[in-house]
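Below is one structure, written out as structure tokens; comments come after it.
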Amino acid sequence: ILESAKKDLRACIDMQETERAKMLDDQKFCTLDQWPSDIRNERQNDVENGPRPCLTIDKINQYIVQVVNDMRQGKPGIQVRPQDNDADLETAKIIKGIVRNIEDQSNADIAYATAGENAVKMGQGFFRITTEYVSDNSFDQDIFIRPLPDTFAVYMGEHVMPDGSDADCAFVVETMGVSKFKELYPKAKSERGSFDGVEHLEYWRTEDSITVVEEYKIKIEIEELLFLADGTTISRAEYAKWPVEAGPAPAIQATRQVEKKKLKWRKLTGVEVLEKRDLPGRYIPIVEMIGREA
């Protein structure tokens, strides 16, 4: 698991390296760091004539603010619409109410606006859907929509859809101080010597920090689907467990192979897996927002 995750993460980093460099330039430009470093150094360290000023006139942020404010005022949200014969308007209204409650208790406007602003500034932003326990004394969980403010901390696997829904892996990277890491994971390996021999060591462990990565991974399982004479559709495994009290099992009319997607979540360092569990759903719960595509 560990080696596969590290391989996938490195592939994402290498694939997006060029684009991330352009995004970093965009971010610097928006914060008025617009002078090339060599020209700035030349002007500031001019021995013959003395230091010369590097003036920057902000001509971009007014347009960024205009787009972002329009986005905040418009307040994008999730819409639910009935589509087929088994759906009805009342059910759609109930589901829409549940979704609206999730957005309200999550302050989802913040997540949407943060991702949208990053998309305007750098061309890419993210937010995610997660679950949290309702209290310290409960096993019940609520769904939340949370922002991912640092675009550079998120890596999506190769995908075509603009929201990243067809990606088979994704990573959220956090670099934290060693003392904080030991506090959060007292039983985990944290000493510098534990990381000896790890490829790309400086990425995973420095003198003062340790990198912790969340991995979302889609695993494909092949399953045989059966169409029965009574019109029902079940898996081969379910058919084999047909209850005796239900009478003879209906005859099989047709079969086909289907791909079942299973969502896996892990949290890891460069030397061990800290946590892992299966998650419900068949999509990676990170949504990508993109700006203008060249």
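The values are calculated or read from the model by the stated rules, or taken from the named source; none is laboratory data. As the structure is a computational prediction, the values presented were derived from the model and not from experiment. Using ideal geometry, Cβ is built from the backbone for each residue, glycine included, and neighbour counts are taken over all protein chains shown. The area values use the complete protein model at the heavy-atom level, side chains included, leaving out ligands, DNA and RNA. Shrake-Rupley method; radii C 1.70, N 1.55, O 1.52, S 1.80 Å.
Go through (1) within 20 Å of the chain's Cα centre (by Cα); (2) modelled with pLDDT under 95 for residue 286 and report which single condition fails.
(2)
I need a count of the residues in region 82-95 that are part of a helix (DSSP H, G or I) and open to solvent by 70 Å² or more (accessible area, probe 1.4 Å). Let's see the steps before the verdict.
Of the residues in region 82-95, the ones part of a helix (DSSP H, G or I) are 89-95.
If we keep only those that are open to solvent by 70 Å² or more (accessible area, probe 1.4 Å) as well, we get 89-90, 93-95.
Qualifying residue count, region 82-95: 5.
What's the total number of residues in region 1-60 that are open to solvent by 70 Å² or more (accessible area, probe 1.4 Å), in contact with a Lys or Arg (Cβ under 7 Å, 6 or more places away or on another chain) and among the charged types (D, E, K, R)?
Number satisfying all stated conditions: 1.
State whether the residues of region 64-81 include one that is open to solvent by 70 Å² or more (accessible area, probe 1.4 Å) and more than 30 Å from residue 126 (Cα to Cα).
no
Considering only region 192-201, state which residues are in a helix (DSSP H, G or I) and exposed (fewer than 10 other Cβ atoms within 10 Å of the Cβ).
Residue satisfying the conditions is 193 alone.
Look at region 90-109 and say how many of its residues are under 15 Å from residue 142 (Cα atoms) and of a type in the set (D, E, K, R).
3
If we scan region 99-120, do we find a residue that is of a type in the set (A, V, I, L, M), open to solvent by 40 Å² or more (accessible area, probe 1.4 Å) and more than 22 Å from the chain's Cα centre (by Cα)?
no
Do any strands (runs of 3 or more DSSP E) entirely within region 125-191 hold 2 or more residues that are touching a residue at least 60 places away in the same chain (Cβ under 8 Å) and buried (at least 17 other Cβ atoms within 10 Å of the Cβ), and if so, which?
In region 125-191, the matching strands (runs of 3 or more DSSP E) lie at 154-156, 169-177.
With the requirement that a residue be under 25 Å from residue 12 (Cβ atoms), touching a strand residue (DSSP E or B) at 6+ places or on another chain (Cβ under 9 Å), without any contact (Cβ under 8 Å) to a residue 24 or more places away in the chain and not polar (S, T, N, Q), what does region 192-226 give you?
none
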